[in-house]
Amino acid sequence: MSVQPVVAEPFVSGLHFGECPRWHDGRLWYSDFFDHGVFSVSAEGERRTEVAFAGEPAGLGWLPDGRLLINSRLDRIVLRREADGSLVPHGTLHPWAAGNANDLVVADNGQAYAGNFGFDLDGLYDGTVEPSAIAAASLIRVDPDGTSSVAAPELQFPNGVVITDDDATLIIAESFGGRLSAFDRRPDGALSNRRVWAALPGIGPDGICLCADGSVWVANALGAECVRVAEGGEILERVTTSRNCFACMLGDDDRRTLYLVTAVDSNASVARASRNGALEKVRTTVPGAGLP
C-alpha cells in the first residue's frame, strides 16, 4: 500500500552542507563541513556557533560528563571539547579508516561508534577515482579512555547509527548497501549477531533516528525525502523535502518534530562553493527514542 507523503516546511537556510543533527539541551545541533563549525538552532530558528572548527566536523555526541565529541572528517580522529572550550584528541580511527570520517553515536557508557567512507567518495564524484575503488569500511569503537578498535568490519559505507534505549541493539545505515543493519550490543560494547534490519531498495540510507515504537526515520540521500521504516522494511510514513535529504533528528521538548538536513548536492566541490543547504522540519506523531 502506498503511503501519502507530507511536505516538510522550511526552517533554516544558508548551509553549505549540514550533517549529523542532534537534539541536545533544548536545541538542534549540527555540523556544517564547509562552514567549519558546529552550530545549534533553537526551536524558533535562532542560530549560534558552538564550535569554530579548523577542519571539517562530522558526527557529534556527548560523553556522560557532558563533554562534546566530534568526528573530524579529514584527519579521521575523534576530538573532545573540554570544559574550557579547547579541543583535544580523544581517539583515532587510524589505521582502519580508509575514507573520510562521518557519523558517530555515543553510548550511555561513553563508548563512541564512528563511521568512515571506506574510500575516496569525492574522487568518485569528480571522476578522479574509478568505481572499482569502492570498498567496504569498518565501524570503529572509541572507548572513554581513547582506545580504538574495530566494532564491525565489511560495512558498505557505514553511515547514520542509533542505539536503542536498553543499550542492547545498534542499528546502522549502509548507504551503498541500501539497507539498515542491526547488531546485538553487549554491556562491554562488543557487537555481534549482525543481521539485515531492513532492506531499502531504491533508497540511499544516510542519517537515521529512532522512534519510540521501534521504527526508524531514514534520510534518503538519493532523493528529496525521509521515510519512517519498520523492522523488515515496511515504509510507514514519507516526508517530502525541497532537495535531497542527508540526515534527520527528532527534537523539541516532546521529540515529535522531525528536523531534516537537506542539500542540492553532496559533491564537496559543489557544496563548498555555495550555500544551497538547509534545515527543514515537520511535526510527527511518534516521538524519538534512544541515542543519539
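The values are calculated or read from the model by the stated rules, or taken from the named source; none is laboratory data. These numbers were taken from a predicted model, which means no experiment stands behind them. For neighbour counting, all protein chains shown are included, and Cβ atoms are generated from backbone atoms with ideal geometry for every residue, glycine included. Surface accessibility is based on the protein's heavy atoms, side chains included, excluding ligands, DNA and RNA. Shrake-Rupley method; radii C 1.70, N 1.55, O 1.52, S 1.80 Å.
With bins 5 Å wide starting at 0, give me the P(r) of region 211-292 over every alpha carbon pair, in whole percents.
Final binned percentages: 3, 16, 25, 23, 16, 9, 6, 2, 0.
Provide GLU234, GLU82 ordered by accessible surface of protein heavy atoms (probe 1.4 Å), highest first.
On the way: GLU234 120, GLU82 50 Å².
From most exposed to least exposed: GLU234, GLU82.
Quick one: 3J(HN,Hα) in Hz for region 75-85, Karplus 6.51/-1.76/1.60 with θ = phi - 60°, rounded, Gly and Pro as x.
Taking θ as phi minus 60°, the curve returns 8, 6, 10, 9, 9, 10, 8, 7, 4, 8, x Hz for region 75-85.
Please check: in the Gaussian network model of the chain (C-alpha springs, under 10 Å), which one of PRO89, PRO153, PRO131 has the largest mean-square fluctuation.
Ranking PRO89, PRO153, PRO131 by mean-square fluctuation puts PRO131 first.
Going by accessible area, probe 1.4 Å, with all protein chains left in place, what is the ranking of ASP165, ASP213, ASP253, ASP75, largest first? Present the calculation step by step, with values, prior to reporting the outcome.
Numbers: ASP165 115, ASP213 90, ASP253 155, ASP75 70 Å².
The residues order as ASP253, ASP165, ASP213, ASP75, largest area first.
For region 1-111, what is the convex hull volume of the alpha-carbon atoms per residue, in Å³? Spell out each step's value before the answer.
Values: hull volume 17.9 nm³, N = 111.
Cα-based convex hull of region 1-111, divided per residue, equals 161 Å³.
Once the piece of chain linking THR285 and ARG194 is laid out straight, how much longer is it, given 0.36 nm per residue of separation minus the C-alpha distance between them?
On the way: separation 91, 0.36 × 91 = 32.76 nm, distance 3.01 nm.
Gain on stretching THR285 to ARG194: 29.8 nm.
From the alpha carbon gyration tensor of the chain, can you work out the equivalent ellipsoid semi-axes (sqrt of 5 times each eigenvalue) and give them in Å, largest to smallest? Could you put the intermediate results ahead of the total?
Working: eigenvalues 113, 95, 86 Å².
Working through the eigenvalues yields semi-axes of 24, 22, 21 Å.
Calculate one ³J(HN,Hα) per residue across region 210-220 by plugging θ = phi - 60° into the Karplus curve 6.51 cos²θ - 1.76 cosθ + 1.60, and present them in order as whole Hz with x for glycine and proline.
9, 9, 5, 8, x, 7, 9, 7, 10, 6, 9
With all protein chains present, how much of the accessible area of region 188-240 (probe radius 1.4 Å) comes from carbon and sulfur, to the nearest whole percent? List each step's numbers first, then the result.
Values: 980 of 1950 Å².
Ligands and nucleic acids excluded, carbon and sulfur give 50 percent.
Write down the radius of gyration of region 62-184 and its Dmax, each obtained from C-alpha positions, in Å.
Both quantities, over Cα of region 62-184: 14.6, 45 Å.
log₁₀ I(q)/I(0) of region 126-259 at q = 0.09, 0.17 Å⁻¹, via Debye over equal Cα point scatterers, no solvent, to two decimals?
Normalising to I(0) and taking log10 leaves -0.28, -0.94.
Sort TRP23, TRP217 by heavy-atom solvent-accessible area, probe 1.4 angstrom, most to least.
Sorted descending by solvent-accessible area, the residues read TRP23, TRP217.
For region 1-111, which whole percent of the accessible surface, found with a 1.4 angstrom probe, sits on carbon and sulfur atoms?
On the way: 2390 of 4630 Å².
Exposed carbon and sulfur together represent 52 percent of the surface.
For the chain, what does the accessible surface come to per residue with a 1.4 Å probe? Please give it in Å².
Working: 11300 Å² over 292 residues.
Counting only protein heavy atoms, the per-residue value for the chain is 39 Å².
Would you be so kind as to identify which of TRP62, PRO287, VAL229 lies farthest towards the positive end of the dipole of the chain, taking Lys and Arg as +1 and Asp and Glu as -1 on Cβ and the Cα centre as origin?
Farthest towards the positive end: VAL229.
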